[in-house]
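S.K.: I have a structure here, written as structure tokens, and I will follow up with some questions on it.
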Amino acid sequence: MKKAQLVFIPFPGLSHLVSTLELAKLLINCDNRLRITVLLIEFSRSKETDAYIQSLPISDSLNFIDLPECFVPPNTNPRAVFDALLEAQKPNVRQAVSDLINGEQHGPLAAFVVDMFCTTMIDVAKEFSVPTLIFFTSSVACLGLNLHIHTLREQDNVDPTQLLQQTELAIPTFANLVPSYSLPSSVISKEWESLFMKYTGGLKKSDGIIVNSFEELESYAVHSFSSHPGLAGLPIIYPVGPILTPEPKSKNVVESDDIIKWLDEQPPSSVVFFCFGTSGSFDEDQVKEIAYAIENSGARFVWSLRKPQPKGVMAAPSEYSRSDLSLVLPEGFLDRTTGIGRVIGWAPQTQILAHPATGGFVSHCGWNSTLESIYFGVPIATWPIYAEQQTNAFELVVELKLAVEIALDYKVEFKGGPNYLLTADKIERGIRSVLDKDGEVRKKVKQMSEKSRKTLEESGSSYAYLGLLVDYIMNQI
Ligand SMILES: O=c1ccn([C@@H]2O[C@H](COP(=O)(O)OP(=O)(O)O[C@H]3O[C@H](CO)[C@@H](O)[C@H](O)[C@H]3O)[C@@H](O)[C@H]2O)c(=O)[nH]1
């Protein structure tokens, strides 16, 4: 049987790549008439990313092509480097797809599925006369916000600084007015302006947007796509999530086992987990405030603490050695907290969240972490750091009431500047609140956890959207 061929182009960062490839697996499991070829772009790939790719089963339905490396000039904005890299990769993509469709054994090309940061590849898909579906790795609410701001800029020539002057904005995918400090950094920064217009313009030119979310979670935002005049005429959305990483991704299996064994000995819902995504890290002053907060709260904890990279270095935070750790933490912290908690490097996050001892999650609100915490029914205390995390924090705390607040905004130039510090008392309040066993938020998160597990079953909304998506793809051949 000749299969309908899809070309996937993920963004190479772990938090985008994993969910994109899990989407690929989901589609293949859903319909065996699909064949997916993933074009991999080399761009500061981390060890975790490589380990994940190597763990994937290569089959007749799912295979990978490493695109040749391309040189692009350096730039202080990593996203601008990536944009230049994408442009340079277009001939390679063209060649790889030509080879693919000329290969005798393969079926007809049906569509490109590209990451939200790779929308420029729509141009190449058009050369092959096939549609492009975009994979949006954050929320439906955030997608609507991006599209709305793009329209404001394009039609009314609104400048990012004008947006910041307004204290609140009406956004179609939010029921509440959104404070301007909750806008994603790509929307408010001058540095990002042209890239934002390019990527978001690409979303509008696409033939559909697949979103890693689900209607039961973001019902207001999802419905606004069909009912709000401000979003009329845009590509159809397919919320088919939550798409999670099923296997633990820890590179240090021994340390992971040790943490899980330690969690096994703790009472149910008693441990607070601190983790700030693939790139989150803090300077030493902030690390000390977290440590004071932990000690003052008396809570059991697991803390993924990593070293910030020097300015201008484009790589994920590195791990502290044991001796460096005792220098960065308050004197005697590790001794005093032996038995009460663990300070670790890269965390086996999904295993920790899945463990019954974990009662709360202090998180930067990256969208994957958000979905994982909801899936495993662990409430979040919000501490956004960059990107669209403050938008996610606002949605979680104010719109959905599924998280408690430590902070809603983040450390940006126009706010506190480099000395912006979250104090220990504020963090301690967040820890106590997120561990509250009788809290309303915990109850709501548990209910949403049930819904997140059912949505990909036959009666669920994500199951239905996935069916629509497969129908669309099969209709292209
Ligand atoms: O020690 C760690 C740290 C992270 N993770 C995993 O790494 C992923 C992190 O993803 P996410 O929570 O989305 O955070 P970021 O890595 O910061 O993701 C980027 O991409 C996301 C999806 O677009 C955005 O929502 C974020 O703001 C952006 O920073 C999750 O699956 C975690 O389980 C671990 O397993 N162990």
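The values are calculated or read from the model by the stated rules, or taken from the named source; none is laboratory data. Keep in mind the model is a prediction, meaning the values are calculated, not measured. Note that each Cβ is placed from the backbone with ideal geometry, even for glycine, and that neighbours are counted across all protein chains shown.
S.K.: Which ranges mark the helices (runs of 4 or more DSSP H) fully within the range 350-458 that have 1 or more residues being touching a strand residue (DSSP E or B) at 6+ places or on another chain (Cβ under 7 Å) and either in the same structural domain as Leu21 (by TED's automatic domain parsing) or closer than 30 Å to Ser189 by Cα (or both)? Break it down into steps so the answer makes sense when it comes.
M.R.: On the way: elements: 367-375, 389-394, 424-434, 440-454.
Filter on the range 350-458 gives 367-375, 389-394, 424-434.
S.K.: Test of understanding: among Tyr410, Tyr386, Tyr375, which residue is under 23 Å from His16 (Cβ atoms), within 16 Å of the ligand (Cβ to nearest atom), in contact with a helix residue (DSSP H, G or I) (Cβ under 7 Å, 6 or more places away or on another chain) and modelled with pLDDT of 95 or more? I'd like the intermediate steps shown before the answer.
M.R.: Numbers: Tyr410 fails: modelled with pLDDT of 95 or more; Tyr386 fails: modelled with pLDDT of 95 or more.
After ruling out the rest, the residue left standing is Tyr375.
S.K.: What do you reckon, is Val81 closer than 18 Å to Leu17 by Cβ, of a type in the set (Val, Ile, Thr) and at pLDDT below 90?
M.R.: Numbers: closer than 18 Å to Leu17 by Cβ: yes; of a type in the set (Val, Ile, Thr): yes; at pLDDT below 90: yes.
Considered against the rule, which asks whether it is closer than 18 Å to Leu17 by Cβ, of a type in the set (Val, Ile, Thr) and at pLDDT below 90, Val81 comes out as yes.
S.K.: Got a number for residues in the range 146-167 being under 25 Å from the mean Cα position of the chain (by Cα) and over 15 Å from Ser186 (Cβ atoms)?
M.R.: Summing the residues that are under 25 Å from the mean Cα position of the chain (by Cα) and over 15 Å from Ser186 (Cβ atoms) in the range 146-167 gives 1.
S.K.: Starting from the range 1-21, take each residue that is in the same structural domain as Ala111 (by TED's automatic domain parsing) and of a type in the set (Ser, Thr, Tyr) and list its partners that are within 16 Å of the ligand (Cβ to nearest atom) and assigned to a helix (DSSP H, G or I), counting only C-beta distances under 6 angstrom and pairs at least six apart or across chains.
M.R.: Within 6 Å, the pairs are Ser15/Asn368.
S.K.: Taking only the range 346-358 into account, find how many residues are surrounded by fewer than 24 Cβ atoms within 10 Å (Cβ to Cβ), in contact (Cβ under 8 Å) with a residue 24 or more places away in the chain and more than 9 Å from the ligand (Cβ to nearest atom).
M.R.: Total satisfying the criteria: 3.
S.K.: Moving on to the next point. Identify, please: which residue in the range 1-37 is β-branched (Val, Ile, Thr) and more than 16 Å from the ligand (Cβ to nearest atom) and is, among those, nearest to Leu244 (Cα to Cα)?
M.R.: Keep residues of the range 1-37 that are β-branched (Val, Ile, Thr), which gives 7, 9, 18, 20, 28, 36-37.
Okay, now just the ones that are also more than 16 Å from the ligand (Cβ to nearest atom), so 7, 28, 36-37.
Details: Val7: 21, Ile28: 16, Ile36: 19, Thr37: 20 Å.
Going through the qualifying residues, I end up with Ile28.
S.K.: Oh, and also: Residues being out of contact with any strand residue (DSSP E or B) (no Cβ under 6 Å at 6 or more places or on another chain), surrounded by 17 or more Cβ atoms within 10 Å (Cβ to Cβ) and not hydrophobic (A, V, I, L, M, F, W, C): count how many of those fall in the range 59-86.
M.R.: Going through the range 59-86 one residue at a time, the tally reaches 1.
S.K.: For the range 161-179, does any single residue satisfy the condition of being more than 27 Å from Tyr472 (Cβ to Cβ), in contact with a Phe, Trp or Tyr (Cβ under 6 Å, 6 or more places away or on another chain) and outside the structural domain of Val398 (by TED's automatic domain parsing)? First the steps, then the outcome.
M.R.: As a first pass, look at the range 161-179 and keep what is more than 27 Å from Tyr472 (Cβ to Cβ): 161-171, 174-179.
Checking which are in contact with a Phe, Trp or Tyr (Cβ under 6 Å, 6 or more places away or on another chain) leaves us with 175.
If we keep only those that are outside the structural domain of Val398 (by TED's automatic domain parsing) too, we end up with 175.
Among the residues of the range 161-179, at least one is more than 27 Å from Tyr472 (Cβ to Cβ), in contact with a Phe, Trp or Tyr (Cβ under 6 Å, 6 or more places away or on another chain) and outside the structural domain of Val398 (by TED's automatic domain parsing), which makes the answer yes.
S.K.: Related question: Hey, can you tell me all the residues within the range 263-283 that are within 16 Å of the ligand (Cβ to nearest atom) and hydroxyl-bearing (Ser, Thr, Tyr)? Spell out the reasoning first.
M.R.: Of the range 263-283, the ones within 16 Å of the ligand (Cβ to nearest atom) are 263, 271-282.
Residues satisfying the conditions are Thr278, Ser279, Ser281.
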